[in-house]
Amino acid sequence: MRCRGAAKASARAIAIAGGSLLLVAALNGCAYLPWIHRRGTAGATARSNTNDSLQVVGAESARQPPRSAPFAIAAGPGPAIWFSEFLSNDIGRISPIGELKLFRVKDGGIAERMAEGPDDAIWFTDPSSNRIGRINGDGDVAFVRLLVDDAGPAGITLGPDGNLWFSEHRAERIGRVTPLGIVTEFALPHGGDPAGIATGADGRIYFAQNSGNRIGRIGLDGVIEEFPLPNPGSAPNSIVSGRDGNLWFTELGSQKIGRLTPQGDMTEFALPVAALPMDLAAGTDSAVWVTLPGVHAVARIAPDGRANVFYFAETVIPSLVTTGSDGNVWFTEPTGKIGRLSVAGVLTEFPATPSELRGN
């Protein structure tokens, strides 16, 4: 299964039926947006720009947003959970008790993935405008353009060097941006459409190569290693660093969860239910959590691969997921809600639209 090239229409031309945004079905089983995934321009092994600052474009409080469809999600800074809106240019912040604030990004774009930076801000990839963005607690937004046109920035993670590392799905590169906005890009030796990306406990950056059927690893010096999956067509997509020191990843093609040790040993675990694993988050213990939107569930995967599945009502569609500082699992729902799941399996949902805009 390959995500890129699956849809040529606008990403926002998503089917709406029964009053709900059928985001998961529209993605054709891809956790990354279908319009992002087209091959980009090949280039040098590493290049850097000379920008010494991000271009600040600002933000304003969101007014009368279109139908809410939360997408990307990330924890921090502090106790807040941040998320992006798929149908608008809004980025939201929600407190552990559900207090909500939306910021409208004046310069447009969409945050596909988000990560807490080293500077009390949230950094995000914006493939629609080919840039990396940064938003602080006041809603001020800044952007830095990428070096290659149509690069398709996808996943993003904070590296141990204090920089943000990101995947370029179309250009088949791994990028690095400093807090000052200086970008360096590293071409992959065999392509592979990098998607999810995570920082390992060993201080190296790991990434899933969706079409390459590999997990890649890049050191801070730019040296790249690759670990092939045992079965063809597994389509690794999302990846997270677990508290057990290993890397955990989803396999869209085989509907499994994979585990890779820093030594390169790989193990695969079949899910107890036939479902597409969409996204992963590391728990506060050694377990990882995976969303299963097709069966309206979230699964807790123990270090030995045993899974405990929490099923919800059919109106609940867990999509992208993160772990908050409160120890709970938070996930976006394309039906306009943010879900909070306790370790005990208690679900609480919060509307992703402020009360004054809901007409309450």
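The values are calculated or read from the model by the stated rules, or taken from the named source; none is laboratory data. Remember, predicted model here, so these are calculated numbers, not experimental data. Every residue, glycine as well, gets a Cβ built from its backbone with ideal geometry; the counts of neighbours run over all protein chains shown.
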For this session: Give the residues of segment 268-304 that are surrounded by fewer than 16 Cβ atoms within 10 Å (Cβ to Cβ) and farther than 29 Å from PRO351 by Cβ, sorted by residue number.
Result: ALA270, PRO272, ALA274, ASP285, SER286, ALA302, ASP304
For this session: Determine the pairs where a residue that is at negative phi, located within segment 305-334, has a partner that is surrounded by fewer than 17 Cβ atoms within 10 Å (Cβ to Cβ) and among the small types (Gly, Ala, Ser) with Cβ atoms under 7 Å apart, the partner being 6 or more residues away or on another chain.
Result: PHE310/GLY345; ASN328/SER342
Problem set entry | Looking only at segment 122-171, and only at residues there that are among the β-branched types (Val, Ile, Thr) and more than 20 Å from LYS106 (Cβ to Cβ), the one that is surrounded by the fewest Cβ atoms within 10 Å (Cβ to Cβ) | VAL148
Problem set entry | segment 77-98 residues that are under 10 Å from ALA352 (Cα atoms) and of a type in the set (Val, Ile, Thr), paired with ones that are at pLDDT 90 or above and assigned to a loop (DSSP other than H, G, I, E, B) (beta carbon under 9 Å, 6 or more apart) | ILE94/ALA80; ILE94/ALA352
Problem set entry | Matching option when the condition is crowded, with 23+ Cβ neighbours inside 10 Å, at negative phi and touching a Ser or Thr at 6+ places or on another chain (Cβ under 9 Å), among SER234, SER241 | SER234
For this session: Kindly indicate the residue of segment 114-133 that is free of Cβ contacts under 8 Å to residues at least 60 places away in the same chain and of a type in the set (D, E, K, R) and also farthest from ILE197 (Cα to Cα) among those meeting that condition.
Result: ASP120
For this session: Filter the strands (runs of 3 or more DSSP E) completely within segment 179-239 down to those with at least 1 residues that are in contact (Cβ under 8 Å) with a residue 24 or more places away in the chain and aromatic (Phe, Trp, Tyr).
Result: 183-187, 205-209, 224-228
